[in-house]
Structure formats: structure tokens, C-alpha cells
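These notes concern the structure reproduced below.
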Amino acid sequence: TFFDRIGMAGCLIAIVSILVPLLLIYFFVAPIIVENAAKKVSPEIEQQIGDAVFQSLTANYETDTAKTRLVQQFYDSLGFGGDYKMRITVVNEPVVNAFAVPGGRIVVFDSILAIMDAPEQLAALLAHEASHVQLKHSMRSIFRELASSLMFSLLLGDYGDLSVIIAQQGDELAGLSYSRKLELEADENGLRLMRENGIP
């Protein structure tokens, strides 16, 4: 047979010659393709994706309409600008947290508001979360997850899990799962927004 003719060494060489290019594509080529693809998604499409993720994530949360209105008015007064119309929602949750989803939705847990003692702190939080949106961190994360899952599905021949990837990524957006690099980008951009608008 073919395998008898090439022997064990030949089989190993064949496997390596297949795996090495795939690994190079996965680690070096795919991230570039993913970043470029995410950047080309329009704010309108992002909003549609974000609205679906938002509805899924907040289905079990209780919205505080009074605080939502106040925080939205506060954000609008900051003048951060950008390509997205930011829509703030405050929910009643005992966890100190806030997160952003694609297209301009920011969810703030009321517990984080309770520990603030200056408006500049809220401005910093909102600048950070708005930066995640403006820098397309959510879309980049979703595309990266899609690329990884597609690659492994192609290798393993299992396509059944691809339909739930975006829903799973939505859960991760609420769980502070951004890489440290993306968090630092959001910090730096948030500080820039605050400086440009004269916020200490």
C-alpha cells in the first residue's frame, strides 16, 4: 500500500507538511483577515447584530428606566462623538460591572453606579465602554471566534456548533472577556476622549 511504501517517517513528514501551513495560516494570516473584515462592517450592520445580542443578554435583567434616562442624558452631554449613537441601559444587578455590545449599546449595572462619588468617574466608565464600540472590539472578538471555530470545524469535519458561536460570544461580552490588549486600547482611547472634552 501507499503507507507501506513511504513508511512511518514519510507519514510524519506528510502530516507535518499539512499541519505547519495550517498553523501558520491560523496564527499569522487569519488574524489579519479577521481584523480587516471586522473593520469593514458598517455601523448599521453592527447595530443590527448588537440589538440582537442586547435583547438576548438583557432578557433576564430588570431595567431601571429612571437611571437609564439620567445616565443617557449625562452621556449625551459629554460630547464624545463618533460614528455610533450610544444607547445606555441601566439594569438592577448586584454585580459591579458594565459592558458594551456592537453598534453602540452600553449596559451599566446599578451596583457600579452606587460606588461612584464623582461624575468624572461615570464619564471615565462610559468613555471606556464607548471606546470598545468605536474601536470595534466586540466585532473583532466575534470575528476572531468565528474564524477559530470555522478553522477547527473544517479540520474536524464538525459543522454543528457554528450556529451558536455568536450567541456564545454575546455571553462573553458581558463577562469582561476582552484581552488585556483591547482593554488597554479602550483605556487609552477613553482617556483621549476625556482630555479632548476637558473632563478631568
Inset, instruction - For K85, list the lysines whose Cα falls under 24 Å from its own Cα; do not include residues on the same chain fewer than 8 positions away. - result: K39, K40, K67, K136
Legend entry - Sparse-neighbour loop sites [trypsin sites (Lys or Arg not before Pro); region 79-125; at most 15 other C-beta within 10 Å; DSSP]: K85
Inset, instruction - Could you list the residues of region 81-105 with an amide nitrogen less than 20 Å from a label point located 7 Å from the Cα of A59 in the Cα-to-C-beta direction? - result: 89-93, 99-102, 105
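Coordinate-derived values only; no laboratory data. Since the model is a prediction, treat every value here as computed from it, not as a measurement. Note: ideal-geometry Cβ built from the backbone for every residue, glycine included; neighbour counts use all protein chains shown.
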